[in-house]
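Below is one structure, written out as structure tokens; the observations come after it.
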Amino acid sequence: MKSAGGAKKIPKEEDKDVCGRCKKIFLPGGEDIVPWVFCPLCMEWFHCTSCVFFVCGPSRQTSIYGSTSQLTDMATALRQSAKLTFSGLCSSFFLHCRNGRVCALPYVHNRRHNSTSSKIKVDLDSTSGIAVMNFQSPPVNSLSLDFLTEFAINMEKLEMDKSCRGVILTSSQPKVFSAGLDIMEMYGKGPEHAGEFWRAVQEMWLKLYGSDMVTIAAINGSSPAGGCLMSISCDYRIMADNPRYSIGLNETLLGIVAPFWFKDTMVNTVGHRETEKALQLGLLYSAPDALKIGLVDQLVPQESVLSTATETMTKWLAIPDHARSITKSMMRKPTIDKLTSNRETDIKYFVNFITRESIQKSLGMYLAMLKNRKA
Ligand code: CO8
């Protein structure tokens, strides 16, 4: 099965194709092609020597392929390898992964088992098949463009890895799981940035809600707005039993509106009536109240959140993967399809909405309120 963000099939060697970036047409055996390289963010295959590292925009190169020196090494290796035969390249460059898919990023793949990027730390235990994604972006794990990009890449890598069957999301920040979307990415920014940011938000949700793997949110702190969306996009939610922590879609409190797919995910979790109240009033539920309405599945003491998540994951992993993931897809596909068939319209809507003067004013006031609360 394919995840919702669906990787495209690797093209055949004999196909001529168009570079995703420069639109140049390549013929088989041409000098300037490199082996097909999959970009986990665009979900596209590329093979243009000069463009392959820029498919996602220069600002994201480092997040995708690692350090600049790794990029340079990889560029050199790819260029040299372009002279080899395709079958040789297959064995040296492409690693067969979960679901019969192919991973063309060996550097990333090999580092995968214990990868520490700047904002998210991923630990995969290949024996149990459980990966823990630890959010470590101080102060509040807000979902910036960089954070979202890293998240999507990590999800894609784990999805492609045969040995990974379940992912636990948690936070290493005290008191906060995630403060939701980074407001600074939506405040005082131009339409181009807003569009790029929103595409990354969509991508995060598509990867998480549409994942074939078992996903569990170990919510060890507050989880407003986008943080709540991440939590309810998982298969199961375990929250720290602390009345000071809250969770909910509070967008209206910021003067903004939760998009239809935030709303749909909430409806699928707590039902129509509860969502209607929660979204209009921008309700943030305490942990006990969240349990009452089914927004979370279980409350445990703070220190047991991760261990309970791991135990729960083991139970979920006892179910045969294919049967469970087909069932999951059957439940979630209509909701996912609604966004995938309207992605561009949704981005346009967001850009128009967020750049309005009145909305910018509301966001500015909300930011000031956050700062003043501290003072
Ligand atoms: N984005 C950017 N900065 C943030 C955010 C955020 N979401 N949340 C907090 N910060 C900043 C604060 O301003 C503060 O900055 P500074 O240190 O410079 O003063 C710093 O992070 C620490 O914050 P706090 O002191 O408030 O930390 P606490 O531990 O006391 O509280 C909370 C943590 C509970 C998470 C609290 O910070 C909070 O409530 N934050 C706001 C959360 C929120 O309302 N998020 C909504 C984001 S919008 C969203 O996710 C969906 C938008 C959908 C858009 C659709 C449009 C069409």
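State which entries of Lys277/Lys348; Lys175/Lys207; Lys207/Lys315; Lys263/Lys338; Lys175/Lys328 exceed 21 angstrom in Cα-Cα distance in the structure shown.
Going by Cα-Cα distance, Lys277/Lys348; Lys175/Lys207; Lys207/Lys315; Lys175/Lys328 fall outside the 21 Å limit.
For region 225-237, just list the computed ³J(HN,Hα) in residue order, Karplus coefficients 6.51, -1.76 and 1.60, θ = phi - 60°, integers in Hz, with x standing in for Gly and Pro.
Using θ = phi - 60°, the values come out as 6, x, x, 5, 4, 4, 4, 6, 7, 7, 7, 8, 10 Hz.
Rounded to the nearest 10 Å², what accessible area does Thr269 show when all protein chains are kept and the probe is 1.4 Å?
Thr269 has an accessible surface of roughly 40 Å² with all protein chains in place.
So what J values fall out for region 251-262 if you push phi through Karplus, 6.51 cos²θ - 1.76 cosθ + 1.60 with θ = phi - 60°, rounded to Hz, Gly and Pro as x?
3J(HN,Hα) across region 251-262, in whole Hz: 3, 4, 5, 8, x, 10, 10, 5, x, 4, 7, 5.
Which of the listed residues, Val176, Ser163, Gln202, is farthest toward the dipole's positive end in region 140-209, when Lys, Arg count +1 and Asp, Glu count -1 at the beta-carbon?
Ser163
Could you give the length gained by full extension between Tyr366 and His322, i.e. 0.36 nm per residue of separation minus their alpha carbon distance, to one decimal place?
Contour length minus the Cα-Cα distance gives 11.3 nm.
The values are calculated or read from the model by the stated rules, or taken from the named source; none is laboratory data. All of these numbers come straight from a predicted model, not from anything done at the bench. Don't worry about glycine lacking a Cβ; one is built from the backbone with ideal geometry, like all the others, and counts go over all protein chains shown. The protein model used for the area step is the full one, side chains on, heavy atoms only, and it has no ligands, DNA or RNA in it. Shrake-Rupley method; radii C 1.70, N 1.55, O 1.52, S 1.80 Å.
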